[in-house]
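The structure appears below as structure tokens.
The values are calculated or read from the model by the stated rules, or taken from the named source; none is laboratory data. Note that this is a predicted model, so its numbers are computed, not measured. Note that each Cβ is placed from the backbone with ideal geometry, even for glycine, and that neighbours are counted across all protein chains shown. Accessible surface is based on the protein model in full, side chains and every heavy atom, while ligands, DNA and RNA are left aside. Shrake-Rupley method; radii C 1.70, N 1.55, O 1.52, S 1.80 Å.
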Amino acid sequence: MNELNNHPFPVNGVVFAWAMTDEGNNHEIPLVDIAIALNNPKLSIWLHLNLSNSQVQRWLRSTGLVPERVVEMIDEGVTRSRLERIEKLDDCLLMVMNDFHQEFGEGDSDSSLGTLWAILTPRLMISLRNNPLRTTDKLRFDLRNGLLNPRSTIELFHELIDLRAEYLRTLLIRLSETMDDLEEILLKGKELPEHEYLGRIRIQCSRLRRQFSPELIALHRLQKRLPYWFSEDDKFRLNEDVDLLSYLVQEISNLYDRAKVLQDEQAAHVAEFNARNLQVLSVMTVIFLPMTLLTGIMGMNMEDLPGLKESFYIVMTLMALAGAAVYLGLKVKKII
């Protein structure tokens with residue numbers, strides 16, 4: 001803690017700072033008081049920092065609050081979030097989580113994912129992100145408005161996980177309702193929307209499953225080697241988090257399978273429609289084929305061409321031989 005006096009705190013890179021006590025007397029920390037609050041052993045603190053700020057990066061390298069190995073991992077520039085790599089160093093737990101980008105001014109979006117670094121100790125949680133994230137912003141809003149009142153950093157971490165799971169569940173409910181509408185359209189025999197619409201849903205489910213499945217595996221690993229400062233209540237809440245994430249990952253897989261079935265049904269309907277049209281064209285071709293043949297034959301005027309007088313039967317013979325040759329060639333190649 002003494003190293004804090006030698007290195008100025010990067011207030012420009014602070015997004016949010018929150019102090020918690022065992023009695024529940026929580027409050028937002030002014031930027032100028034963060035360094036003092038970090039030296040107060042009675043406070044549990046959440047620091048939400050902007051990792052793209054160069055001052056924050058320098059502070060992480062110089063501070064004694066974060067183990068050097070953790071800083072090295074952050075410097076490696078991991079942009080693909082996977083919680084399967086959890087580093088537990090002394091009293092520090094490092095986790096890399098997926099979170100949804102905060103997309104301002106857009107009602108319906110694809111909910112693209114960003115990376116959230118979480119460094120968790122018994123009395124300090126440092127979260128780092130490059131771009132605004134939905135869950136952390138919602139957590140800030142709830143803390144400021146008194147909707148949440150955690151007493152420790154571990155409780156705050158569980159609230160963060162719960163809020164993210166809640167938004168993921170809301171997103172899946174919206175996708176499920178869309179799939180219900182599409183299935184109802186199919187059952188009524190109506191035409192489904194364009195093929196690309198179902199493709200976007202399927203790709204979105206695939207991305208969500210690819211991102212959250214490794215987190216589920218890593219949380220299972222974390223359950224087997226929890227830090228000593230996790231209480232029984234913390235372990236119980238972690239089990240609930242794992243169960244909820246397992247359910248959501250399964251829901252993602254179910255939605256992916258439903259989208260795949262609908263895509264297959266849509267492709268079958270398109271194939272049936274094309275086959276029906278081709279059948280109509282084939283019938284029309286067969287109907288007009290004798291007329292076409294007769295008009296072609298009767299329209300040949302070879303009497304006026306030099307050297308072709310009385311060659312009508314010769315031309316007919318050549319046409320018959322050519323047709324027979326094509327038929328035999330297709331027969332040999334087993335095309336017909």
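Could you grab me the full set of residues in region 138-156 that are part of a helix (DSSP H, G or I) and either farther than 23 Å from I126 by Cβ or out of contact with any helix residue (DSSP H, G or I) (no Cβ under 9 Å at 6 or more places or on another chain) (or both)?
Selection gives R140, F141, R144, T153.
Just need a number here: residues in region 199-215 that are aliphatic (A, V, I, L, M) and open to solvent by 30 Å² or more (accessible area, probe 1.4 Å).
Adding up the residues that qualify gives 1.
Identify, please: which residue in region 312-336 is out of contact with any helix residue (DSSP H, G or I) (no Cβ under 6 Å at 6 or more places or on another chain) and of a type in the set (V, I, T) and is, among those, farthest from L294 (Cα to Cα)?
V332
Restricting attention to region 201-228, which residues are under 17 Å from S176 (Cβ atoms) and in contact (Cβ under 8 Å) with a residue 12 or more places away in the chain?
Once the filter is applied, which keeps residues that are under 17 Å from S176 (Cβ atoms) and in contact (Cβ under 8 Å) with a residue 12 or more places away in the chain, region 201-228 yields I201, R202, Q204, C205, S206, R207, L208, R209, F212.
Test of understanding: among L171, L160, L186, which residue is farther than 22 Å from N25 by Cα, touching a helix residue (DSSP H, G or I) at 6+ places or on another chain (Cβ under 7 Å) and in contact (Cβ under 8 Å) with a residue 12 or more places away in the chain?
Answer to the check: L186.
Among the numbered conditions (1) open to solvent by 10 Å² or more (accessible area, probe 1.4 Å); (2) at pLDDT below 90; (3) more than 18 Å from L49 (Cβ to Cβ), tell me where M179 comes up short.
Result: M179 passes all but (1).
Filter region 16-69 down to the residues that are part of a loop (DSSP other than H, G, I, E, B), among the hydrophobic types (A, V, I, L, M, F, W, C) and at pLDDT 85 or above, then identify the one that is surrounded by the fewest Cβ atoms within 10 Å (Cβ to Cβ).
Ranking the qualifying residues of region 16-69, first place goes to L51.
Test each condition in (1) open to solvent by less than 30 Å² (accessible area, probe 1.4 Å); (2) modelled with pLDDT of 90 or more for T121 and report the one that comes out false.
(2)
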